[in-house]
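The structure under discussion appears below in the form of structure tokens.
The values are calculated or read from the model by the stated rules, or taken from the named source; none is laboratory data. Everything quoted here is computed from the prediction, not taken from an experiment. When we count neighbours, we look across all protein chains shown, and the Cβ atoms used for this are built from the backbone with ideal geometry, even at glycine.
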Amino acid sequence: MTEPPAHRVPPPAELLPAFVNTYDVDLAEPEQLPDPAALTAWLRSQNLLAGGASPAADAPFAYSSPGSPGSPGSSAATDDDLVLAHELRAGLRQAMRQHHDGDLATLVPELDRAAARLPLRVTFAGTAPSLAPAGTGVVGALAALVAAVASAQADGSWQRLKLCAAQDCAWAFLDSSKNRSRHWCSMGSCGNRQKTRAYRARQKAADRMDG
């Protein structure tokens, strides 16, 4: 598991793919968040959740500070938190899949439902209004992932977050190409493999026609 430097929450373009990639189809056991303890450990590894009941104090997504709106949350994930995290991850995965086709208008039900269950607020603490968690603990940490979507939209990276087009990979990645045309997480592996498969399929079709 890749972890950010101590006391630093990754920027949205790193944090969101890292969360989506906690389900890795390339592994014998794809699910990397199988239980509440694993979810708690992952949130802490990304500095979204501190050891106590409050998220990391220096997180960039404007967590509720003591005395601000939002009630204290648990520092250990529950079964309900895990279900919500899986639903949020599924919604993010589907949204990133749609980014390949530029289909940004289609509602992703899982993402919408998950976001509706998390405490969020508008903050004016920065240079522009932004979305921020209105709670603490695990719920606040999950809300930070939704706030990260808004931050990614604001900085232009949201539409560049995609899933690898190789169905046996589906790794979430940031498309850094100039015209946002990248389809694979790695051209050297998934891209070449997919092109080889397409070439073989065309050859077989041509052979059948010749026969």
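Miscellaneous remarks
- Some residue of the range 33-49 being of a type in the set (A, V, I, L, M, F, W, C), surrounded by fewer than 20 Cβ atoms within 10 Å (Cβ to Cβ), modelled with pLDDT under 95 and closer than 21 Å to Val83 by Cα: no
- One residue from Ala143, Ala166, Ala147 being over 14 Å from His99 (Cβ atoms), without any contact (Cβ under 8 Å) to a residue 40 or more places away in the chain and not in a loop (DSSP other than H, G, I, E, B): Ala143
- Tallying residues that are over 20 Å from Val108 (Cα atoms) and at pLDDT 90 or above within the range 146-181 yields 5.
- Any hit, the range 64-77, residues being assigned to a loop (DSSP other than H, G, I, E, B), surrounded by fewer than 19 Cβ atoms within 10 Å (Cβ to Cβ) and at pLDDT 50 or above: yes
- In the range 19-33, the qualifying residues are those that are of a type in the set (Asp, Glu) and touching a residue at least 24 places away in the same chain (Cβ under 8 Å), and the one that is nearest to Gly91 (Cα to Cα) is Asp24.
- When residues in the range 92-128 are screened for being out of contact with any Gly (no Cβ under 9 Å at 6 or more places or on another chain), farther than 25 Å from Phe173 by Cα, modelled with pLDDT of 90 or more and not aliphatic (A, V, I, L, M), 3 of them pass.
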